[in-house]
Each structure stands twice: as C-alpha cells, then as structure tokens.
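A short worksheet on the structure shown next.
The values are calculated or read from the model by the stated rules, or taken from the named source; none is laboratory data. The structure displayed is predicted, hence computed values, not measured ones. Because the Cβ atoms are built from the backbone with ideal geometry, glycine has one as well, and the counts that use them run over all protein chains shown. Remember, those area values only see protein heavy atoms, side chains included, never the ligands or the DNA or RNA. Shrake-Rupley method; radii C 1.70, N 1.55, O 1.52, S 1.80 Å.
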Amino acid sequence: MATAEAVELINASRKRAFTDADWPANQYTVATLTLDELLKERGREFIFEGKRRTDLIRFGKFTTASWWDHNPSNDPNKELFPVPNNQLAINPNLVQNPGY
C-alpha cells in the first residue's frame with residue numbers, strides 16, 4: 001500500500017496532464033496507487049528516457065509480462081546483457097553471462 005507522501009508526489013507530477021475538470025477522476029489515492037500502477041505511471045512519465053527495461057526487471061516483469069509487441073520469454077538470463085566478445089577476448093577473467 002502506498003503512503004500519503006508517495007501519492008502526493010506522484011499526483012503532483014501527474015496533474016499537469018489533466019484538465020481541472022478531469023483531474024478528480026484521474027488522481028491516485030492511497031488505495032489506488034499500487035505497485036502495478038506505479039510501474040505503469042513510470043512507463044508513461046519516462047517513456048523516452050530509457051528506464052523501462054530497468055523498471056521491468058526491478059518489478060519482476062521483464063521476462064514474465066507482455067507489453068506492446070513483447071511476449072514473455074520466462075528466461076531469467078535475458079535480464080542480463082551479454083558481455084561483448086571483444087571484452088571477453090582481452091580479459092581472460094571475464095566469463096560470458098548465462099544464456100549467451
């Protein structure tokens with residue numbers, strides 16, 4: 001369950017996207033700001049900032065959820081990027097991440 005402070009901060013950012021007439025029906029409350037809603041809101045707020053993959057991993061949804069044209073792979077190895085081959089070649093202490 002969200003805290004009143006969290007709801008206030010999210011609503012302060014979100015309010016600019018709504019008219020005064022529409023705002024009461026679209027603001028979050030302590031009961032409606034769930035973790036799933038927070039993930040959706042972060043997706044909308046940071047759509048062009050490149051944070052979505054990290055957020056999906058953090059919320060445990062990257063390999064298990066569907067979005068846009070993505071189908072779940074259920075492969076936890078995909079939560080890690082591959083180590084580039086040129087880095088593996090020059091550093092014998094590195095090992096490729098699983099699944100690559």
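What ranking do 19-29, 5-15 get when scored by the average of other Cβ atoms within 10 Å per residue, highest first?
The densest-packed peptide leads the list: 5-15, 19-29.
Keeping all protein chains in place, calculate the accessible area per residue for the chain (probe 1.4 angstrom), answer in Å². All intermediate terms of the calculation are to be shown ahead of the outcome.
Values: 7420 Å² over 100 residues.
Accessible surface, normalised per residue, equals 74 Å².
I'd like the orientation of helix 4-14 relative to the chain: the angle between its Cα long axis and the longest Cα principal axis, in ° from 0 to 90, rounded to 10.
That works out to roughly 90 degrees.
With a 1.4 Å probe and all protein chains in place, put L33, L94 in order of accessible area, largest first.
Working: L33 15, L94 70 Å².
These residues rank, largest area first, as L94, L33.
Mind putting a number on the dipole of the chain about its Cα centre? Charges go on the C-beta only, +1 for Lys and Arg and -1 for Asp and Glu, and I need it in Debye to the nearest 20.
The dipole of the chain has a size of about 220 debye.
Of W23, L88, I10, which is farthest on the positive side of the dipole of the chain, counting Cα position, with +1 on Lys and Arg Cβ, -1 on Asp and Glu Cβ, and the Cα centre as origin?
Positive-end residue among those listed: L88.
Could you pull the Cα extents of the chain along its three principal axes, largest to smallest, in whole Å?
Projected onto its principal axes, the Cα set of the chain covers 61, 27, 24 Å.
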